[in-house]
1. Considering the range 83-115 alone, what residues qualify as being under 10 Å from the mean Cα position of the chain (by Cα), at pLDDT 90 or above and hydroxyl-bearing (Ser, Thr, Tyr)?
2. Across the range 10-36, what is the number of residues that are under 26 Å from residue 53 (Cα atoms) and either touching a His at 6+ places or on another chain (Cβ under 7 Å) or charged (D, E, K, R) (or both)?
3. Would you please name the residue that is farthest from residue 54 (Cα to Cα), looking only at residues in the range 80-93 that are of a type in the set (Val, Ile, Thr) and crowded, with 16+ Cβ neighbours inside 10 Å?
4. Within the range 18-32, can one find any residue that is modelled with pLDDT under 95, among the hydroxyl-bearing types (Ser, Thr, Tyr) and either touching a strand residue (DSSP E or B) at 6+ places or on another chain (Cβ under 7 Å) or surrounded by 13 or more Cβ atoms within 10 Å (Cβ to Cβ) (or both)?
5. So, residue 72, is that one surrounded by 12 or more Cβ atoms within 10 Å (Cβ to Cβ), modelled with pLDDT under 80 and under 21 Å from residue 12 (Cβ atoms) or not?
6. Could you tell me whether the range 33-56 includes any residue that is surrounded by 12 or more Cβ atoms within 10 Å (Cβ to Cβ) and without any contact (Cβ under 8 Å) to a residue 12 or more places away in the chain?
7. Just need a number here: residues in the range 71-103 that are part of a helix (DSSP H, G or I) and acidic (Asp, Glu).
8. Looking at residue 67, is it more than 17 Å from residue 97 (Cα to Cα) and free of Cβ contacts under 8 Å to residues at least 40 places away in the same chain?
Amino acid sequence: MQDPIKHAEGDVCTHTQMVLDSILKTEEWTTFSKEEQDILLLTVIFHNICKPHTLTHEADGSISHPSHRREGAQLTRQILDKENYDFDTIYKVCQTIFYHGYPFWAYSKDNRPVGCRMKKGC
């Protein structure tokens with residue numbers, strides 16, 4: 001399960017499939033190198049791997065997944081290492097998983113720098 005406000009699709013599996021489908025349909029997909037495609041596919045497959053494990057029902061009725069990015073990056077590193085992926089691929093995939101929610105967090109209203117909250121379009 002996922003929070004219906006942030007993820008109306010409902011569950012992690014459906015979300016992952018939607019992300020995969022949208023990436024494969026972009027015009028840019030065919031311009032990526034094989035290495036870039038592999039890194040992106042691995043990132044999509046594993047980016048929410050720890051959401052089931054971190055599922056938390058909050059007091060206000062919302063659903064959260066605290067630390068799913070950090071735990072997901074760690075678990076993904078273990079899996080890819082066991083499967084003998086090269087260090088560069090493991091590093092890029094895990095860093096992308098770790099930071100995959102950061103752009104949304106950084107630019108949300110509550111997390112912008114104080115001076116930025118007062119400027120329109122900041």
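The values are calculated or read from the model by the stated rules, or taken from the named source; none is laboratory data. Remember, predicted model here, so these are calculated numbers, not experimental data. Heads up, the Cβs are rebuilt from the backbone with ideal geometry, glycines too, and the neighbour counts pull from every protein chain shown.
1. The one that is under 10 Å from the mean Cα position of the chain (by Cα), at pLDDT 90 or above and hydroxyl-bearing (Ser, Thr, Tyr): 96.
2. Going through the range 10-36 one residue at a time, the tally reaches 3.
3. Of everything passing the filter in the range 80-93, 90 is farthest from residue 54 (Cα to Cα).
4. No: zero hits.
5. Answer is no for this residue.
6. Yes, that holds for at least one residue.
7. Going residue by residue through the range 71-103, those that are part of a helix (DSSP H, G or I) are 71-82, 87-98, 102-103.
When the remaining residues are screened for being acidic (Asp, Glu), the result is 71, 81, 88.
Number of matching residues: 3.
8. no
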